[in-house]
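Only one structure is covered here, and it is reproduced in the block below.
The values are calculated or read from the model by the stated rules, or taken from the named source; none is laboratory data. From a predicted model like this one, the values you see are computed outputs, not experimental measurements. Note that we place each Cβ from the backbone using ideal geometry, even for glycine, and neighbour counts take in every protein chain shown.
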Amino acid sequence: MPNAHPAAVASQIAMLDHLLDGRFNFGISPGGLLSDAEAFGTLDKDRTAMFVEAIDMVLDIWKSEPPYNLKGEHWTVSTEKTMIPEIGQGILPKPLQTPHPPIIVTAVAPFSKGIVSAAARGWDPISANFLLPQWVASHWPKYAEGCEQGGRPANPAQWRVAKSVFVADDLDVAREYALGPQSPYRYYYNQIVTKMKKSGRANLFKADQAMDDNAVTVDGVLEDLVIWGTPEKVTEELLAFRETTGDFGTLLYAGKDWADVDLGRNSMVLLAEKVLPAFNTATGSRES
């Protein structure tokens, strides 16, 4: 978001909302890839402040009428000089949903302060799939705190939790695909662990914060964060995960590139047709 101009974001999201017949969820984040920040010249800037200002301008665009004249510390949006209303020039589209699509923000830190301010604004969280279960659990009190500040009830149904999951009919196949040397899950978490160590954020993978960064390994992270196995095993481990995190509304299947198309597709089918029905029966809920 710090690298995207608010006017472009507002226009693109509005058009997507129309294309999806008002079913679009607006997922937002300041962005975490430092090489992108360097490439766009924002590495040494306050990217969180840029992000918040950009979102505020997007919302201002949607609730105001042209010509626009928005000036902030980081962004400027104006069509005053070039607007031609009779042909629609200088008029940015509004989303189909009013006042705007649901805004969902990713929470990537234990005890995230960002969740508090987001929830106070009426936004809802997604807990990242690379957090230990106890750090995911730390998000609910922060969400509830923010909802209280915003004068709205904290509803677990609005809390989305992402998780790395792989399901297969055969346990050995599941183990190899999730943990083996060619595993897309191993590739993904090697990338994440390397980046987080480099940026001084290896604490995300530590149950004990006194643990040395060098003790954080990809094998250990895979063991802690990937739920894999047969439908029965995955159901059992998801239920154990929920025992730690507490109730949440939506389980987001965190996608990885399919090293094997058939296995990748079948995993999603098994999750939908076998795991989730068993999970919902066990919890008496309708998580999806």
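Here are the numbers:
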item	result
Some residue of region 101-109 being touching a Cys at 6+ places or on another chain (Cβ under 6 Å), in contact (Cβ under 8 Å) with a residue 24 or more places away in the chain and over 30 Å from residue 220 (Cβ atoms)	no
Evaluation of residue 206 against (1) modelled with pLDDT of 95 or more; (2) surrounded by 15 or more Cβ atoms within 10 Å (Cβ to Cβ); (3) more than 20 Å from the chain's Cα centre (by Cα) (one fails), failing number	(1)
Complete set of residues in region 138-158 that are surrounded by fewer than 17 Cβ atoms within 10 Å (Cβ to Cβ) and among the polar types (S, T, N, Q)	149, 155
Pairs, first of a type in the set (Val, Ile, Thr) in region 257-277, second in a helix (DSSP H, G or I), C-beta under 6 Å, six or more apart	275/231; 275/234; 275/235
Some residue of region 44-59 being more than 26 Å from residue 194 (Cα to Cα), among the small types (Gly, Ala, Ser) and touching a helix residue (DSSP H, G or I) at 6+ places or on another chain (Cβ under 8 Å)	yes
Failed item in (1) surrounded by 21 or more Cβ atoms within 10 Å (Cβ to Cβ); (2) in the same structural domain as residue 243 (by TED's automatic domain parsing); (3) farther than 22 Å from residue 27 by Cα, with residue 170 passing the rest	(1)
Helices (runs of 4 or more DSSP H) within region 198-288 that include 2 or more residues touching a helix residue (DSSP H, G or I) at 6+ places or on another chain (Cβ under 6 Å) and within 17 Å of residue 132 (Cα to Cα)	218-225, 231-245
Evaluation of residue 53 against (1) crowded, with 16+ Cβ neighbours inside 10 Å; (2) in contact with an Asp or Glu (Cβ under 7 Å, 6 or more places away or on another chain); (3) assigned to a loop (DSSP other than H, G, I, E, B) (one fails), failing number	(3)
